[in-house]
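Encoded as structure tokens, the structure appears first; notes follow it.
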Amino acid sequence: MDEVYFEIDLKGNLTYCNPALCKLSGYSSDELMGKNNREYASPESAQRMYKIYNKVYRTGEPAQITDYEVFYKNGNPAFLEVSAYLIKDNEGNPVGFRGVGRDVTERKAIENKLRESEERFRKLNEASFGGVFIHDKGRIIECNSEMTKI
């Protein structure tokens, strides 16, 4: 499968991963085994993941993580979308976590470019000395402050 699958112990150490994670990250399976998320995530992201996984541990409820920032073996940053679940033993005691995820780095880059473009448009629109508006069949749906003065 193209999606990443992984299992970690309660301390956050990787105990299993599928080949998709190796391919994506650039690490071999041997290199990844036992690696803690603090080793490949930014300090802020690792701290945030600790809080999220702690909540999964306490509640047993799965978590949807939409912006998990990690660094691949080549040093490039990447963003993952992950669904994380608690693993319990036969007696119902928590023993670790499993997750499924995908790389959303390209999508995040496109979203950021769109946000920046919208911000540039907004600033340009507001800086205009003339009234500017956008309409849909004669109904004004967007205008700058100069247009409101007119």
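The values are calculated or read from the model by the stated rules, or taken from the named source; none is laboratory data. What you see is a predicted model; the values in this text were computed from it and never measured. Using ideal geometry, Cβ is built from the backbone for each residue, glycine included, and neighbour counts are taken over all protein chains shown.
Tell me the residue from 83, 117 that is hydroxyl-bearing (Ser, Thr, Tyr) and either under 19 Å from residue 14 (Cα atoms) or surrounded by 13 or more Cβ atoms within 10 Å (Cβ to Cβ) (or both), please. If you could, list the steps in order and put the result at the bottom.
Values: 117 fails: either under 19 Å from residue 14 (Cα atoms) or surrounded by 13 or more Cβ atoms within 10 Å (Cβ to Cβ) (or both).
Just one listed residue meets the conditions, 83.
Within segment 76-99, track down each residue that is farther than 21 Å from residue 3 by Cα and not polar (S, T, N, Q). Step through it out loud before you land on a result.
Taking segment 76-99 first, the residues farther than 21 Å from residue 3 by Cα are 88-95.
Hits for segment 76-99 are 88, 89, 91, 92, 94, 95.
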Next on the checklist: Restricting to segment 1-41, name every residue that is without any contact (Cβ under 8 Å) to a residue 40 or more places away in the chain, among the small types (Gly, Ala, Ser) and surrounded by 14 or more Cβ atoms within 10 Å (Cβ to Cβ).
Outcome noted: 20, 41
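Inside segment 1-28, can you point out the residues that are assigned to a helix (DSSP H, G or I), of a type outside the set (A, V, I, L, M, F, W, C) and within 16 Å of residue 82 (Cα to Cα)?
If we filter segment 1-28 for residues that are assigned to a helix (DSSP H, G or I), which is where we start, we get 19-25.
If we keep only those that are of a type outside the set (A, V, I, L, M, F, W, C) as well, we get 19, 23, 25.
The answer is 25, and nothing else.
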Checklist outcome for this item: Checked 95, 82 against criteria (within 21 Å of residue 112 (Cβ to Cβ) and either at pLDDT below 95 or touching a strand residue (DSSP E or B) at 6+ places or on another chain (Cβ under 6 Å) (or both)); the one match is 82
Checklist entry - Would you say residue 134 is exposed (fewer than 10 other Cβ atoms within 10 Å of the Cβ), more than 22 Å from residue 66 (Cα to Cα) and either out of contact with any Ser or Thr (no Cβ under 7 Å at 6 or more places or on another chain) or modelled with pLDDT under 85 (or both)? => result no
Item to check | First in segment 63-75 and charged (D, E, K, R), second anywhere and assigned to a loop (DSSP other than H, G, I, E, B), Cβ under 9 Å, 6 or more apart | outcome: 67/104; 69/42; 73/26; 73/27; 73/40
Next on the checklist: If I go through segment 29-83 residue by residue, how many of them are of a type in the set (Gly, Ala, Ser) and outside any loop (DSSP other than H, G, I, E, B)?
Outcome noted: 7
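Yes/no matrix, rows are residues, columns are (1) of a type in the set (Asp, Glu); (2) assigned by TED's automatic domain parsing to the domain that holds residue 66; (3) touching a residue at least 24 places away in the same chain (Cβ under 8 Å); (4) over 28 Å from residue 52 (Cα atoms):
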position	(1), (2), (3), (4)
89	yes, yes, no, no
92	no, yes, no, no
98	no, yes, yes, no
110	no, no, no, no
125	no, no, no, yes
